[in-house]
Every structure is written in structure tokens, then in C-alpha cells.
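Readers should treat all values here as calculations from the given coordinates under stated rules, not as data from a laboratory. None of the values given here were measured: they were computed from a predicted structure. Positions of Cβ are generated from backbone atoms using ideal geometry, with glycine treated the same way; all protein chains shown enter the neighbour counts.
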Amino acid sequence: QVQLVESRGGLVQPGASLRLSCVVSGSTSAYDMGWFRQAPGKEREFVAVRRRNNAKYYGDSVKGRFTISVDSAKNTVDLQMNSLKFEDSGLYYCAAGSIIYSTMERTESYTDWGQGTQVTVSS
């Protein structure tokens, strides 16, 4: 089991950038590390994952705008979000697990979750 703590999100305007960080209690190299988000009334949505072999995958709605990265020295998993849109608003969750490729977008593939941090994109 690993503990995950996300940094504070924020309120930003459309087109702005925001960086989220997740502090991992264990080694980031031992897990597949992901980010999900959930808007009010919607299901939790896959955003990105960095697999233990360092392969990175993104949800279709964030490709080309978001970047996931891992800092092994700091034991953090970061999500750099650029060109933010209204529809990027939601609670963002850091997640850890041992996943397989075909199910990496499913929440049940991840065993440990952070408490979530709010990101609001508004003009």
C-alpha cells in the first residue's frame, strides 16, 4: 500500500497552465502512476499514466496539452496541464497500481488513491 497526497489545485482562466504534484510515500518506480479526474455528476475519467517501464499514455481529451512526469529523487508524480479548457475542471486524483495495458484507463486497475484536488477553469 502506498500513500498519495496531491498538491493544491487552483482556479485558472481558459488557456492558462497549471501543474499538479503528487507526493508518493513509497518508490515511484515500484508502481504504475496515474492521474484521473472527476467532474460533478460524471464518472471518474482517465487522464494519464506513467508505467513502470516509463511508457506514458494519455486520455484523448488531454493529448498534446498535458504531460505526466515522475521525479524519482523527490518521489513525486507531476501533471503539467497547458491550454486549459472549461471542460478540464474537476477533482483530480493521483493513483497507483500494477496495471496491464488493456485496462490502464479503468479505475479498478489502481489500488491506491489520493484524496483529490480541485481544478477549476473559469473566466
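General observations
- Among beta bridges that DSSP assigns inside the chain, antiparallel share in %, nearest 5: 90
- Environment charge of residue 119, counting only residues whose C-beta is closer than 15 Å and scoring Lys/Arg +1, Asp/Glu -1: +2
- Once C-alpha pairs closer than 8 Å and six or more residues apart are averaged by separation and normalised to the residue number of region 48-90, the relative contact order reads 28 percent.
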